[in-house]
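As structure tokens, the structure follows; a few thoughts come after it.
The values are calculated or read from the model by the stated rules, or taken from the named source; none is laboratory data. Here the structure is a predicted model, which means the values were calculated and not measured. Note that we place each Cβ from the backbone using ideal geometry, even for glycine, and neighbour counts take in every protein chain shown.
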Amino acid sequence: MRKRIDKIKSFDEFFAKSDKLFTKYSESEKRFQNLKKKFPFVICPGGRHGGLNKKEVEIFFGPKPFQRSIEMADGFRPQTKLEAAYGASLVYHRTDEGHVLCLLYPGGTDNQKYYEQFYFLDTLRDPDKLVTRSKKHFKYLLAFTEKTSIDGSPNFIQAIMCFFLRYFKKYVADNIAHTPRFYSASMDVLKYSCTVGLSGFILAAILHFKEVANSNQQSGILSKSMEIMESIDTNTIKSTEELTAQSSLLKGLLKDVEKQKNNIELIKEPIDSSNELVMNLTSEINALNKNIKKINSLIEERTESGELLITTEQSGKSL
């Protein structure tokens, strides 16, 4: 790592040859000729305020009057004022540590200024790289002048360069340093996506754990139901076995009943015949009884008539 004194010597060398270096760059750039007609081009080693600051090198497109305005001065006297427009400025500033800050100021007018005070175009810890990078810095100066001046007309490449500068470089506004717009926007998107993603992840985790709990509960219910089904199956098997045994018994009983029925039918025929005989005998007995009754009635009649005869005989004898 180089020492601070060596870095300062390197910047002093750049300071000494900056005038010739940027004059060479301006002669080789075609877009520079159009800007030179609009604004005076100035190279100031030591700064625009007398060239006394040995820590700065300024390259800028100076002011140019473009219109007049009338203002009221003291004593209510009208006063004519020239309004000027100016281009961008490129400033190299050496810090006490020997580092070099490359700053780019926008153009504008006395009445119209940009929100950004300046951009951090580059930061060089080793001033030896100033010579090689200064040509690129000069192209940014031309592009930024075309973009921010009132009569500028940047081409497509210069518009892309200004877009990159505006969104990918640090800048100072209201004396406050700001991070690049792309970085801050991406951080906002990242925060939002992390917030939404985290909330979604938490919600998904909750739903997952809920599903796991429900699945565990359902698995417990399923296991219980399986146990119940198994017990039902065993009971049904037992009941079917009992039913088969009972059905076999019933079949045996039915067979016995059929056998008894057949036996009854076999017994029924002689019973029927015996019943007929009994009926015949009873009818004959009834007929005999009737005859007996008739005989008895005849006997009684005869006995009565016999007694009458005996009595008459006895009464005749007595006479």
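General observations
- Qualifying positions in region 83-109 - over 49 Å from the mean Cα position of the chain (by Cα), part of a loop (DSSP other than H, G, I, E, B) and buried (at least 16 other Cβ atoms within 10 Å of the Cβ): 87, 88, 98, 99
Quick grid of which residues meet (1) within 22 Å of residue 84 (Cβ to Cβ); (2) of a type in the set (Phe, Trp, Tyr):
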site	(1), (2)
115	yes, yes
118	yes, yes
131	no, no
140	no, yes
144	yes, yes
155	no, no
161	no, no
172	no, no
180	no, no
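- Meets criteria (of a type in the set (Ser, Thr, Tyr) and either modelled with pLDDT of 95 or more or within 28 Å of residue 2 (Cα to Cα) (or both)) for residue 186: no
- Residue among 260, 218 that is under 53 Å from the mean Cα position of the chain (by Cα), farther than 30 Å from residue 101 by Cβ and at pLDDT below 70: 218
- Verdict on residue 122 being modelled with pLDDT of 90 or more and surrounded by fewer than 14 Cβ atoms within 10 Å (Cβ to Cβ): no
- Sub-6 Å Cβ pairs linking a first residue in region 23-40 that is in the same structural domain as residue 135 (by TED's automatic domain parsing) to a second residue that is among the polar types (S, T, N, Q) and at pLDDT 90 or above, at least 6 apart or interchain, are 32/26; 35/145, ordered by first then second residue.
- Residue that is farthest from the chain's Cα centre (by Cα), among those in region 168-201 that are farther than 17 Å from residue 101 by Cβ and basic (Lys, Arg): 181
- The residues listed here are 60, 76, 15, 11; of these, the one that is under 26 Å from residue 166 (Cβ atoms) and either within 55 Å of the chain's Cα centre (by Cα) or assigned by TED's automatic domain parsing to the domain that holds residue 136 (or both) is 60.
- Some residue of region 119-135 being touching a strand residue (DSSP E or B) at 6+ places or on another chain (Cβ under 7 Å), closer than 17 Å to residue 42 by Cβ and either free of Cβ contacts under 8 Å to residues at least 60 places away in the same chain or outside the structural domain of residue 18 (by TED's automatic domain parsing) (or both): no
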